[in-house]
Amino acid sequence: MELTIKQTEALDYLEDASTVEVLYGGGAGGGKSVLGCYWLLKCALKYPGSRYLMARATAATLRQTTLNTFWYVARMQGIPQEWFGYNDSRGLLTVNATGSEIILRHLQSRPSDPNFDELGSLEITGAFIDECNQVSALAWNVVRSRIRYRLTDFSLVPKMLGTCNPSKGFVYSRFYKPFRDGSLEQDKRFVESLIRDNPHVSPHYEKSLRGLDGRSVQRLLMGNWEYEDDPLALMPYDNILNIFTNKTVQSGEKYITADIARFGDDSTVVCLWSGMRCEKVSVFARQGVDVTARAVSALADSAGVPLSNIVCDEDGVGGGVADILKCKGFMNNSSAVAVGGKKQNYQNLKSQCYFMLADVVNKGLMYVNTDDPSLRTRIIEELEQVKALDTSGEGRLGVVPKNRVKEVLGRSPDVSDALMMRMYFVLHPSRANRNLEMFF
């Protein structure tokens, strides 16, 4: 079996003494699954009694696609089926000649096991996650923490391979963006492989890819990571980018919106507004409600923002800040606000405000003033995850909840939530500004 140049490059990283995590892919037809299965097979034969994980988001696609690729790779290597034992009910593939094992697991988050405690007792020598963009950052991190089995016996370092097509989420921020910016950590590697890098692929496959819609061509054929293909996304990528250049948006009444951290890894985000111009975004980590309240109060005093124009989220810890300041409170799960005396068809206030925010962004009516590239990237990533939730059974509009967005991004979407809260004052305007039609 002849590997491509890009597959060989990735394999070199998987066999060196320093790299821990490898992301391979960037387009369709680059030989992603073949590489992962080849690596698992080679390791299982080379290190007797070792144990590896082969994983994917769902059990069905793992067996129907990745496992079938493993059998294909074994045949290409001239290894007969009799060399293997396979127990489908246990999800266990055994290499009889060496006693090595390959465990098959799905990594889809379940309400009964949101923290993947089921993997807590797992001990493995290495892991391959196919289409890793479809699993959460938490799943990836938990799997990485389980790579410890017989490493010393074989003088190995932990090794983890993920493969995927371009996608926004934790793989973008963990691998692709740092790779693009030249800041990828030394224990991580990204190897881009497109269809043109694979001389073994059928020319008919490339022709099929060229017949797809424009965004799919960009992602799957060209390997463009900046294209979002989810039809449920409320704000297209280009419209999100425009919020940083819409400098003609007029100044106006001043407001402050604040999303208060609830957990250790969440951030407190405070936004200062002039009309629909977000003039300042401040991000704080790990500080008490009293410190946050003083920071908001100081900002209000210096910018001349009246107390009636300040809103803090009132869920959990945020309620403490709102109580200290005596400002407006934003309850995410409260009922949608009636407009013009008419009840609005949203699941809750948060959904209503996010749909309104999307309308403002898509019409080019918002400006965010920041030159910080990391903050811009964070805002882009978070706004791209604002997606409509399928609520067809209820008939009400909703957005994907924060806990699911957190699974995708690997962090809480605190900045986008603070931006979203600006719509509170559109729904509750002052006497000087009661015309909602100026925005919609």
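Laboratory data are not the source of any read-out in this text; all were calculated from the coordinates shown. Being a predicted model, the structure only gives us computed values, none of them experimental. Backbone-built Cβ (ideal geometry, glycine too); neighbour counts: all protein chains shown.
Past 32 Å, Cα to Cα: identify those pairs from LYS6/LYS363; LYS343/LYS406; LYS254/LYS350; LYS177/LYS343; LYS168/LYS328; LYS328/LYS402, in the order given.
Details: LYS6/LYS363 43 Å; LYS343/LYS406 30 Å; LYS254/LYS350 21 Å; LYS177/LYS343 43 Å; LYS168/LYS328 34 Å; LYS328/LYS402 22 Å.
The pairs that break the limit, which is 32 Å between Cα atoms, are LYS6/LYS363; LYS177/LYS343; LYS168/LYS328.
Of all DSSP beta bridges located in the chain, what percent are antiparallel, nearest 5? Mind showing how you got there, number by number?
Numbers: 27 of 61 bridges.
If I count the DSSP bridges inside the chain, around 45 percent turn out antiparallel.
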Cα centroid distance between the range 94-137 and the range 9-58, in Å? 14
So how do ILE324, ILE260 line up by other beta-carbon neighbours within 10 Å, fewest first? ILE324, ILE260
The orientation-averaged projected area of the Cα convex hull of the range 316-383, in nm², is 6.8
How big is the Kirkwood radius of the range 1-112, worked out from every pair of different alpha carbons and given in Å to one decimal? 14.9
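For the chain, compute the orientation-averaged projected area of the C-alpha convex hull (one quarter of its surface), in nm².
23.8
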Under 17 Å Cα-Cα from LYS46, which lysines qualify once same-chain neighbours fewer than 8 residues away are excluded? LYS159
Estimated dipole of the chain in Debye, rounded to 20 [Cβ of Lys and Arg +1, of Asp and Glu -1, Cα centre]: 480
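Label the range 7-70 by shape, choosing from rounded, prolate and oblate, from the square roots a ≥ b ≥ c of the eigenvalues of the Cα gyration tensor; if a/c is under 1.5 it is rounded, and otherwise prolate applies when a/b is larger than b/c, oblate when it is not. Don't skip to the end; give the middle numbers.
Details: a/c = 1.89, a/b = 1.18, b/c = 1.60.
Oblate shape, in that a/c is at least 1.5 and b/c is the bigger or equal ratio.
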What is the range 237-438 by shape, rounded, prolate or oblate, if you read a ≥ b ≥ c off the alpha carbon gyration tensor as root eigenvalues and call it rounded for a/c under 1.5, prolate for a/b larger than b/c, and oblate otherwise? rounded
Within a Gaussian network of the chain (alpha carbon springs, distance under 10 Å), most fluctuating of ASP153, ASP417, ASP197: ASP153
Other residues with Cβ under 15 Å from the Cβ of SER274 give, with Lys and Arg +1 and Asp and Glu -1, a net charge of +3
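Once the piece of chain linking ALA97 and GLU226 is laid out straight, how much longer is it, given 0.36 nm per residue of separation minus the C-alpha distance between them? Let's see the in-between values first.
Values: separation 129, 0.36 × 129 = 46.44 nm, distance 4.55 nm.
Extra length available between ALA97 and GLU226 comes to 41.9 nm.
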Choose one answer from VAL408, VAL400, VAL135: the residue with the largest mean-square fluctuation in a GNM of the chain with alpha-carbon springs under 10 Å. VAL400
When the helix-only estimate is applied to the chain (DSSP H runs of n ≥ 4, each -39,500 (n - 2.57), divided by the residue count), what is the mean residue ellipticity at 222 nm, nearest 500 deg cm²/dmol? -8500 deg cm²/dmol
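Where a ≥ b ≥ c are the square roots of the eigenvalues of the C-alpha gyration tensor, would you call the range 5-221 rounded, which needs a/c under 1.5, or, failing that, prolate if a/b is larger than b/c, or oblate? The partial results should precede the final answer.
Values: a/c = 1.44, a/b = 1.25, b/c = 1.15.
Judged from the Cα gyration tensor, the range 5-221 comes out rounded (a/c under 1.5).
Between the DSSP loop rule and a limit of at most 14 other Cβ atoms within 10 Å, which trypsin sites (Lys or Arg not before Pro) in the range 37-108 are left?
Numbers: sites: LYS42, LYS46, ARG51, ARG56, ARG63, ARG75, ARG90, ARG105; in loops: ARG90.
Within the range 37-108, the qualifying trypsin sites (Lys or Arg not before Pro) (loop, at most 14 other Cβ atoms within 10 Å) are ARG90.
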Between SER308 and VAL157, with labels modelled 7 Å along Cα→Cβ, what's the label distance in nm to one decimal, could you check? 6.2
Mind giving me the nanometre distance, one decimal, between the label points for ALA60 and ASN333, set 7 Å out from Cα along Cα→Cβ? 3.0
Tell me, in nm to one decimal, what length is gained between LYS342 and ARG75 on full extension, where the rule is 0.36 nm per residue of separation less the Cα-Cα distance? 89.5 nm
Label-point separation (nm) for LYS247 and ASN141, each offset 7 Å from Cα along Cα-to-Cβ? 3.9
Give me the number: length gained by fully extending ASP12 to SER430, i.e. 0.36 nm times residue separation minus the C-alpha to C-alpha distance, one decimal in nm. 144.2 nm
Highest first, please rank the peptides 269-282, 11-24 by the mean number of other Cβ atoms sitting within 10 Å of their residues. 269-282, 11-24
